[in-house]
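This report concerns only the one structure given below.
The numbers here are math on the coordinates, done by the rules we state, and not lab data. Being a predicted model, the structure only gives us computed values, none of them experimental. Positions of Cβ are backbone-derived with ideal geometry, glycine not excepted, and every protein chain shown enters the neighbour counts.
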Amino acid sequence: MLHRPRVTRSVLALMCAMSFIMYLDRVNLSAAAGLIRDDLHLTNTDVGLVFGAFAYTYAICQVIGGWFSDRFGAKTTLVLCASIWIVATIATGFAGGVVSLFCARMLLGVGEGAALPAQARALVNWYPASKRGFVKGSRIRSRVLATRLRRR
């Protein structure tokens, strides 16, 4: 039987905030693609490569993140993911060309890809079965709110 520590609403709020930020991070480059392309003198092909950099590492790291979370725990994985996001976000701001932007987006894919399975592990470990639907729904609602915010 899994140990279920007492989890407060603040943990749920943090997971919702993470889901909100992950969604915005995932799509924010597309909103600024034209400006970034002009500023860094990128071609459309370069922009496509940068978009792909995130997607490939994101997909791969979902599997790796699930394994890591099972092995080392959700809390450790989520802290590591958040740390990777911070570094990736700062690196994106300092990108001076296609290679540095590509690497920053790959790094963001690593952090975000591992975070979703870690949140799923946290949900199972920290919340009783009777509360999981509400918690999962709250996380999804956070992503929907990010979508609405982005469209404005």
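Would you pick out the residues in segment 89-110 that are small (Gly, Ala, Ser) and in contact (Cβ under 8 Å) with a residue 40 or more places away in the chain? Answer for segment 89-110, where residues must be small (Gly, Ala, Ser) and in contact (Cβ under 8 Å) with a residue 40 or more places away in the chain: Ala95, Gly96, Gly97, Gly109. Of the residues making up segment 103-117, those that are small (Gly, Ala, Ser) and under 11 Å from the mean Cα position of the chain (by Cα) are Gly109, Gly111, Gly113, Ala114, Ala115.
Among the residues here, Pro128 does not qualify as in contact with a Gly (Cβ under 7 Å, 6 or more places away or on another chain) and either surrounded by 15 or more Cβ atoms within 10 Å (Cβ to Cβ) or within 19 Å of Arg9 (Cα to Cα) (or both). Does Leu29 satisfy the criteria of being over 26 Å from Ser138 (Cβ atoms), surrounded by 15 or more Cβ atoms within 10 Å (Cβ to Cβ) and free of Cβ contacts under 8 Å to residues at least 60 places away in the same chain? For Leu29, the condition - over 26 Å from Ser138 (Cβ atoms), surrounded by 15 or more Cβ atoms within 10 Å (Cβ to Cβ) and free of Cβ contacts under 8 Å to residues at least 60 places away in the same chain - is not met. Counting only residues that are among the β-branched types (Val, Ile, Thr) and exposed (fewer than 14 other Cβ atoms within 10 Å of the Cβ), segment 56-79 holds 3 of them.
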